[in-house]
1. With θ set to phi - 60°, apply the Karplus curve 6.51 cos²θ - 1.76 cosθ + 1.60 along segment 71-78 and write out the HN-Hα couplings as whole Hz, x wherever there is a Gly or Pro.
2. Non-local amide H neighbours of Cys52 (under 5 Å, H modeled in plane, Pro and chain starts lacking H): which ones?
3. Karplus couplings for segment 80-85 from phi (6.51 cos²θ - 1.76 cosθ + 1.60, θ = phi - 60°), rounded to Hz, Gly and Pro as x?
4. What FRET efficiency comes out for Asp67 versus Ser91 if R0 is 30 angstrom and r is the Cβ-Cβ distance? Round to the nearest 0.05.
5. For Thr76, enumerate residues with amide H under 5 Å from its amide H, sequence gap 5+ or separate chain, H modeled in the peptide plane.
Amino acid sequence: MSASGLLRGETCTVACDAGYEPSQEFIDSGYQASCLPNALDGDSLDIVSTPCTECDRGYYSDSADNDLCLPCPKNTFADVSGRTICKECESGM
């Protein structure tokens, strides 16, 4: 998880890392977090307990710029959750 604009007492936007997507709880919060007043260097956030969840099998997220996990393209697959890329299917499969 990464955050931008971390200033004490202000609202800051948080983005999920590649391989993750925002949890429903985080979506419901408007993708926002508040920096705690006692935060030093913006390292303490008041945020929902699980802001990001791993992409499910068959889905991927290749960067923090993607808001949601995407389904793997045709002839590719993601055999485990949290994938940042999809693997190519072997010939004949």
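1. x, 4, x, 3, 6, 9, 8, 10
2. Amide H to amide H, under 5 Å and 5 or more residues apart or across chains, Cys52 pairs with Ser23.
3. Result, ordered by residue: 9, 6, x, 6, 9, 9 Hz.
4. With R0 = 30 Å, the Cβ-Cβ based efficiency is 0.35.
5. Excluding prolines and chain starts, which carry no amide H, the hits are Cys89.
No lab work stands behind these numbers, since they all come straight from the coordinates. Here the structure is a predicted model, which means the values were calculated and not measured. So basically every Cβ, Gly included, is an ideal-geometry build from the backbone, and we count neighbours across all protein chains shown.
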